Every structure is written in C-alpha cells, then in structure tokens.
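Enquirer: I'd like to ask some things about the structure below.
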Amino acid sequence: MTAADTIAAIATPPGKGGVAIVRVSGTAAWSVFRKLTGREPCPGRVSHGAFSWEGRILDEGLVLAFQAPRSYTGEDVVEFQCHGGRLAPQRVLGACYAAGARPAGRGEFTRRAFLNGKLTYEQAQGVLDLIDAKTERAADAALISLSGGGAQRLHALYSRILDRAAQVEYALDVDEGELPPDFWSRLQADCAQCAADCVQEGVRHREKRILREGALVVLAGPPNAGKSSLMNALLGTERAIVSAIPGTTRDTLEEGLDVDGWPIRLVDTAGLRETKDAVEAEGVRRTQGLVQKADILLNLDPHPKGACAPHEIRVHAKCDLGKGEGLNVSSKTGEGLDALRHALAAKLVARLSANEEGAPEENERTCAALLGAQGALDEACRQSVAHDAVLVGNALRQACSCLGELTGAVYSSDMLDRLFSRFCVGK
C-alpha cells in the first residue's frame with residue numbers, strides 16, 4: 001500500500017438506493033475515466049453516459065472529475081455516480097480495479113487528504129465525528145472541528161509557549177541585570193495563563209469524547225428498585241422486561257438516548273445483592289464493573305450510604321407510592337422524568353470541568369498530552385519564582401513536546417492508523 005497507488009471504493013452505504021458513488025483517487029484516475037467512459041475528463045464539469053468495460057455496458061450515470069490539488073484528497077479524483085443497489089456499483093468498481101486501481105483501505109481517502117495537507121488531524125477527526133453524530137449538539141461540535149477552530153487555538157497556544165521558551169533561552173545568555181525588571185513576573189503570569197488554557201482545552205476534549213462516544217449512564221441499585229421501569233420510561237418504549245420477581249435482570253441492557261443534545265448510553269443492570277445463583281452473580285459482577293466506569297451513576301438504592309459521589313445522581317424511582325431520598329421520579333405516572341433529564345444534562349456539564357483521578361479519558365492520548373503540558377507549565381511557574389532559567393526552559397520544552405502531536409508538529413504512524421481505521425472504506 002503506497003501513496004503512489006490509485007485507489008477505488010464505493011463511497012455510499014450498501015443497500016437499495018437511487019444513486020451509488022464509486023470514488024477513484026490517484027495518478028491513474030484520468031486513465032480509469034477514459035477506459036470506462038471512452039471520453040476525456042473535463043475537471044469541474046458533470047457529464048452523463050454509459051460506463052463500460054471491454055465492450056460490455058455495466059451501467060450509466062453521471063461522472064465528475066476533480067483535478068489535483070482541487071479535490072478532497074488533493075489528488076486527481078473521479079466519481080462515478082451509478083445506480084444504487086448491490087450489483088451496479090460493484091460492476092463499476094470491478095471495472096475500476098481492472099483499469100488500474102486497487103481497493104482502498106479504511107479511511108484511505110481521508111488519510112490522503114490529511115497527508116496532502118487538505119485536512120488537519122482535527123479536521124479529519126471532525127469528518128468522522130460528523131458521520132457518526134447522533135445528536136444535533138454532536139453534529140455542531142463536529143462542524144467546529146471540521147472548520148479547524150480547535151486546531152487554531154492549539155497552534156496559538158503552542159506558539160505562545162515557544163515564544164516563552166525563546167525568552168528563557170535569551171535569559172540564559174545574558175546577565176540577569178540586563179533583563180527587564182518585570183521579566184520573571186510576566187513570564188510567570190504567561191505560563192499560568194497557558195496552563196489555564198490547557199485546562200480549558202481538556203474540558204473541550206472531554207466534551208468531544210462524550211459527544212463522540214456517548215456518556216455512559218448506569219442504572220444501579222438493589223433488585224426491584226425500579227431500574228428497568230425507569231429505563232423504559234426514559235426511552236418511551238418497553239425495552240426492558242419488568243417483573244415483580246427479584247433478579248429478573250441478569251445481564252446488562254444498553255440503549256441510546258438523546259438528553260438535551262447529549263448522546264447517552266443508558267445501561268440497565270442486574271440488581272446488586274448477595275446471591276448463590278451463578279448466573280445472577282455474574283450479572284452482579286458486571287454491574288459492579290459498570291458502576292466503576294460510569295460517567296454518571298443513577299443510584300436507585302432507597303437507602304444509600306455515605307456521601308453522594310461527584311458522578312452520582314440519587315433517584316427514588318417509585319414516588320407514586322411515596323416520596324423518598326434523592327430525585328423523586330415515577331416511571332408509572334411520568335412525574336419527575338423531565339427533572340431527571342435536566343439533572344443528567346447538568347451533571348454532564350459539571351463533569352466536563354472535573355478531572356478526577358481514574359476518569360475514563362485519563363489514558364487517552366489527547367488528554368494525556370494536555371495534562372502533561374499543564375503540569376510542565378505549572379512547574380515553569382514555580383521555577384520562575386526562583387528565577388531558575390534552566391529549569392524553566394526545561395519545563396517549557398516539555399510543554400512544547402506534549403503539545404507537539406496535537407498541533408501537527410509531531411505525528412506517529414500508530415496515531416494515524418487508529419484514527420483512519422475507524423472510517424468506512426469509501427471515505
């Protein structure tokens with residue numbers, strides 16, 4: 001697989017439809033165009049005709065040609081718009097292969113766009129996020145990434161830190177008496193502001209993760225606390241089995257939910273209790289694992305113990321039978337459901353600014369880079385009080401190193417592989 005190859009793939013979803021698009025990109029795209037249409041490509045114009053191979057007409061439709069670098073990938077690109085369904089696009093795709101193209105890998109068109117400077121890493125991520133968006137809020141956030149807004153902020157932050165590092169290098173080469181009187185105080189203030197900006201970028205990153213993956217919201221509590229009924233009430237459908245028999249739910253059940261524009265992964269779980277039943281015990285073990293991973297825990301225990309955790313919302317799910325501790329909700333009458341939805345959204349917003357130890361995103365590359373840069377900048381602030389230019393310079397270089405991957409100054413092949421492997425073949 002090399003960048004010199006010409007690649008081809010179907011760029012539309014499989015199944016019945018009016019139109020399917022077969023996309024070709026690379027140096028041989030014009031040759032593929034000629035061999036399938038018998039005509040010369042005219043970049044920027046749409047033409048109609050038959051697509052054929054070795055004298056056999058395969059289909060007919062529209063064909064578009066885009067000349068490098070004015071295309072999605074930055075290469076010569078041809079798009080055959082043929083009839084949808086299973087057979088027609090496969091016939092056209094097969095002819096493209098026979099004419100000199102090879103099958104595209106997952107996300108290879110967008111990867112080429114990135115490598116050819118048509119998209120930044122953040123914009124490539126924005127393409128994927130927009131395709132996967134499940135709520136209006138997620139789509140809006142993806143479009144911001146696609147416009148490059150986040151990359152501009154990070155580049156500006158990276159540039160400011162580089163400037164501070166250059167100032168410290170200058171301070172190493174001169175006597176301290178030659179520095180402006182406010183040199184160290186201004187440097188300390190600048191480093192503190194850059195550290196605060198890293199914190200804000202971390203908040204934005206956590207928001208993107210929630211919008212991309214969905215917040216994991218776990219319903220937990222003892223048997224017959226009303227977990228399954230509450231799940232059904234929030235979903236507006238009878239998704240989970242509800243029974244008065246304790247231990248009915250033995251496995252996890254997950255469904256998607258839109259709460260004020262936030263995508264939610266709502267999970268019903270087995271009731272927490274001591275049991276000798278091996279199957280139910282496994283369900284309890286899985287519940288306990290999910291409770292630890294949850295972005296938000298809906299605790300339906302009628303007798304909760306200890307202080308409420310930062311990610312916890314305590315819910316009394318049977319308020320039609322009498323009020324209880326926590327947010328009073330009735331799955332039967334609908335009382336309190338809107339209040340619970342608002343509480344979920346508010347808790348998510350609050351969690352975005354939190355950075356508790358053990359949060360799921362701590363091990364993510366972006367979050368780790370931002371935390372590393374923040375820590376280095378905090379160290380630079382401390383050392384600037386002591387006017388130690390060597391240690392301040394080391395800390396600022398460390399901050400730059402941490403932000404390098406996020407700004408595009410440094411990219412690793414495994415980082416790119418992880419991103420583009422999440423795309424479909426035709427994108």
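Enquirer: Name the pairs whose Cβ atoms lie under 9 Å apart, with the first residue in region 34-62 and closer than 14 Å to Gly94 by Cα, the second in a loop (DSSP other than H, G, I, E, B), and 6 or more positions between them or separate chains?
Expert: Close Cβ pairs (under 9 Å, with a partner that is in a loop (DSSP other than H, G, I, E, B)) amount to Lys35/Ala99; Lys35/Gly100; Leu36/Ala99; Ser52/Gly38; Trp53/Ala99.
Enquirer: Let me ask you something else. Could you list all residues from region 72-93 that are open to solvent by 30 Å² or more (accessible area, probe 1.4 Å), out of contact with any Cys (no Cβ under 9 Å at 6 or more places or on another chain) and under 12 Å from Asp59 (Cα atoms)?
Expert: Listed by number, the residues that qualify are Gln81, His83, Leu87, Gln90.
Enquirer: What are the residues in region 267-308 that are of a type in the set (A, V, I, L, M), within 26 Å of the chain's Cα centre (by Cα) and in a loop (DSSP other than H, G, I, E, B), if any?
Expert: Hit for region 267-308 is Ala294, nothing else.
Enquirer: Of the residues Lys332, Lys318, which single one is modelled with pLDDT of 85 or more, open to solvent by 30 Å² or more (accessible area, probe 1.4 Å), at negative phi and touching a Pro at 6+ places or on another chain (Cβ under 9 Å)?
Expert: Lys318
Enquirer: Go through region 11-56 and report how many residues are assigned to a strand (DSSP E or B) and under 16 Å from Thr73 (Cβ atoms).
Expert: Within region 11-56, residues that are assigned to a strand (DSSP E or B) and under 16 Å from Thr73 (Cβ atoms) number 5.
Enquirer: If I filter region 160-200 down to residues being more than 16 Å from Ala386 (Cβ to Cβ) and β-branched (Val, Ile, Thr), which single residue comes out as surrounded by the most Cβ atoms within 10 Å (Cβ to Cβ)?
Expert: Step by step, filter region 160-200, then rank; the result is Ile161.
Enquirer: Return yes when Arg397 is part of a helix (DSSP H, G or I), modelled with pLDDT of 90 or more and surrounded by fewer than 16 Cβ atoms within 10 Å (Cβ to Cβ) and no when it is not.
Expert: It is false that Arg397 is part of a helix (DSSP H, G or I), modelled with pLDDT of 90 or more and surrounded by fewer than 16 Cβ atoms within 10 Å (Cβ to Cβ).
Enquirer: Which residue out of Ala65, Ala98, Ala124 is hydrophobic (A, V, I, L, M, F, W, C), within 22 Å of Ser421 (Cβ to Cβ) and in contact (Cβ under 8 Å) with a residue 24 or more places away in the chain?
Expert: Ala124
Enquirer: Does any residue in region 77-94 that is touching a residue at least 60 places away in the same chain (Cβ under 8 Å) come within less than 6 Å, Cβ to Cβ, of a residue that is among the acidic types (Asp, Glu) six or more places away or on a different chain, and which pairs are these?
Expert: So the pair list comes out as Cys82/Asp59; His83/Asp59; Ala88/Asp59; Val92/Asp59.
Enquirer: Would you mind finding the one in Leu327, Leu340 that is in contact with a strand residue (DSSP E or B) (Cβ under 7 Å, 6 or more places away or on another chain), surrounded by 14 or more Cβ atoms within 10 Å (Cβ to Cβ) and farther than 14 Å from Ser229 by Cβ? So that I can check it myself, show each step before the final result.
Expert: On the way: Leu340 fails: farther than 14 Å from Ser229 by Cβ.
Going through Leu327, Leu340 in turn, the sole match is Leu327.
Enquirer: Another question, if that's okay. If a residue has to be in contact (Cβ under 8 Å) with a residue 40 or more places away in the chain and open to solvent by 30 Å² or more (accessible area, probe 1.4 Å) to count, how many in region 300-313 make the cut?
Expert: The number of residues fulfilling the criteria is 4.
Enquirer: Follow-up question, since we're still on this one. Give the residue that is farthest from Ala345 (Cα to Cα), with candidates limited to residues of region 268-299 that are among the β-branched types (Val, Ile, Thr), buried (at least 16 other Cβ atoms within 10 Å of the Cβ) and out of contact with any helix residue (DSSP H, G or I) (no Cβ under 6 Å at 6 or more places or on another chain).
Expert: The qualifying residue farthest from Ala345 (Cα to Cα) is Val284.
Enquirer: Quick one: which of Leu157, Leu119 is at pLDDT below 85 and open to solvent by less than 50 Å² (accessible area, probe 1.4 Å)?
Expert: Being at pLDDT below 85 and open to solvent by less than 50 Å² (accessible area, probe 1.4 Å) holds for just one of Leu157, Leu119, which is Leu119.
The values are calculated or read from the model by the stated rules, or taken from the named source; none is laboratory data. The model shown is predicted, which means the values in this text are computed figures rather than measured ones. Cβ coordinates were reconstructed from backbone atoms using ideal geometry, including for glycine residues, and neighbour counts include every protein chain displayed. Side chains included, ligands, DNA and RNA excluded: accessible areas come from the protein's heavy atoms. Shrake-Rupley method; radii C 1.70, N 1.55, O 1.52, S 1.80 Å.
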